[in-house]
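Take a look at the structure below.
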């Protein structure tokens, strides 16, 4: 065998390892992960964890949100074991904000929860790293490292976070919460991790007949929320702050 | 320090008679608390690790698992606290940390190690709570 033939065989063998130009083994592995994890909009299968390809979000249609209706707030309280807040300092993960345009008198009722920003200021200011953003865009508090300093509450332009002042009892197994920690809407992360595709608030809103809250994957062009966001004009609250919230409002 | 004390002994107080030492030993053994009662797990034949490993390392497993769960969203893995509670909740109280004989509290009281897991985490399995709600 000539020297040239040996070199040619070596190059051919190398090409076999590299599979094909532009395809590396890591990409094949990721593709396989996506296939058996039923990734994308289906949510992570049990044990797979948060999918970085997904961006969970909400689209809230304020024209369908009924004034005085608290179905989403009640469902949130029940789902996460918050109870019925009685004092101003009690935890509230969703606030119903009634707004009225002065010139026209048009009124709207807007549920405001953690907006799950792409650039969350609460994460920027947290001194312990307790406030963090998951790979799938959900902003959470790791209560194991939260020291209760409440910087994140001051940094949040949406007043979305609450501090737990009193010892708690009878928490939900899926939603551990305790005194001395800051908390806020988790986009029902325990449901998402189970593979469910509906938050408690969206479910309750549909059950109440309003259907004003739509939950889904903003990164999946085929999802209902992506289609609606593409077709209908919607706004992010305080878009001027460039935080890119994952919660959008229609009809404001 | 110890060797110095040993060296001093011959010149110090006279050694106490053997029977007194035996009596002292007996007194100590009767006042020491017995090993804590550990309730058998309600379901499951065997734990996720063998008993000796779990006794020594359960807190390390839990700490590792909690970061994977909270930050990575990986649930239902081998060493989850919910998994512990599901099997080890007492048949009587339905909890792992309510009565002094319940699984977690029983050992932790004996070892005098305060645990604050249950300041935030529920001590009951989800199925027990569902039963209460109905």
If R₀ is 41 angstrom, what is the calculated FRET efficiency for the pair residue A:155 and residue B:127, using the beta carbon separation as r and rounding to 0.05?
0.55
So, R0 is 22 Å and r is the distance between the beta-carbons of residue B:101 and residue B:64; what FRET efficiency does that work out to, to 0.05?
0.15
Separation between Cα centres of segment A:151-185 and segment A:84-99, rounded to whole Å:
12 Å
At a 10 Å Cβ-Cβ cut-off, how would you order A:210, B:79, fewest neighbours first?
A:210, B:79
Relative contact order, percent, segment A:96-207 [alpha-carbon distance under 8 Å, six or more residues apart]:
20 percent
Ranking A:152, B:87 by Cβ neighbours within 10 Å, fewest first, what do you get?
B:87, A:152
Distance-filtered residues of segment A:140-174 - backbone nitrogen under 11 Å, label point 7 angstrom along residue A:128 Cα→Cβ:
A:142-150
Where a ≥ b ≥ c are the square roots of the eigenvalues of the C-alpha gyration tensor, would you call segment A:153-252 rounded, which needs a/c under 1.5, or, failing that, prolate if a/b is larger than b/c, or oblate?
oblate
Would any residue of segment A:211-252 have its amide N under 11 Å from a label point 7 Å out along Cα→Cβ of residue A:101? List them or say none.
A:251-252
Sorted by Cβ density within 10 Å, fewest first, the residues A:102, A:58, A:241, A:168:
A:102, A:241, A:168, A:58
Given a Förster distance of 22 angstrom, what is the FRET efficiency for residue B:113 paired with residue B:50, based on the Cβ-Cβ distance and rounded to 0.05?
0.55
Among A:74-81, A:63-70, how do they line up by average Cβ neighbours within 10 Å per residue, starting with the highest?
A:74-81, A:63-70
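Values quoted throughout were computed directly from the atomic coordinates according to the rules given, and no laboratory measurement underlies them. Here the structure is a predicted model, which means the values were calculated and not measured. Here Cβ is always computed from backbone atoms with ideal geometry, including for glycine, and neighbour counts include all displayed protein chains.
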